[in-house]
1. Wholly within the stretch 1-119, which strands (runs of 3 or more DSSP E) include no fewer than the required count, namely at least 2 residues that are in contact (Cβ under 8 Å) with a residue 24 or more places away in the chain?
2. Just one of 35, 16, 42, 2 is over 19 Å from residue 125 (Cβ atoms) and touching a Pro at 6+ places or on another chain (Cβ under 7 Å); which is it?
3. Look at the stretch 45-86 and say how many of its residues are touching a helix residue (DSSP H, G or I) at 6+ places or on another chain (Cβ under 9 Å) and polar (S, T, N, Q).
4. What single numbered condition from (1) at positive phi; (2) exposed (fewer than 11 other Cβ atoms within 10 Å of the Cβ) fails to hold for residue 28?
5. Determine which member of the set 74, 115 is of a type in the set (A, V, I, L, M), under 14 Å from the mean Cα position of the chain (by Cα) and surrounded by fewer than 17 Cβ atoms within 10 Å (Cβ to Cβ).
Amino acid sequence: MDIRVTSTAIEIVASDLSRSLAFYRLLGLDVPDPDGPHVEVDLPGGGTLAFDTEETIAGVHPGWTAPTQAGRVVIGFELNAPDAVDALYEKLTGAGHSGVLAPFDAFWGQRYATVEDPDGTSVDLYSPLAS
């Protein structure tokens, strides 16, 4: 039997679906308006980012409870220019989202910053530094 992964998806369990969708729209994703408790958006470069309400996940996974702290997942978004990292960080933190790591020039050659989505998921913003 030939077993291969044919597509990828990252799923976010949102405590407030509308607020989470608004955050990811601020990132520049073309997130559709929900017509239920599940929303999907295609990611640049391939893959899917999916959103579900806590109630949906609890209904599918008996015994599931919402975590009390953020998980160990980080979602990264590469931007087109180093100054875009600063601009998007300011846009997100200006909208009230937590800035975890202010933009800086990382030793590995990227302009880099980290913010948190409404449920505490780390979202990295980065771009190669100009050479």
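1. 9-14, 48-53, 74-78, 110-116
2. Answer to the selection: 16.
3. 2
4. (2) is the only condition that residue 28 fails.
5. On inspection, the qualifying residue turns out to be 74.
Computed from the coordinates by the stated procedures, all read-outs in this text should not be read as laboratory data. What you see is a predicted model; the values in this text were computed from it and never measured. All Cβ positions, even for glycine, are placed from backbone atoms using ideal geometry, and neighbour counts span all protein chains on display.
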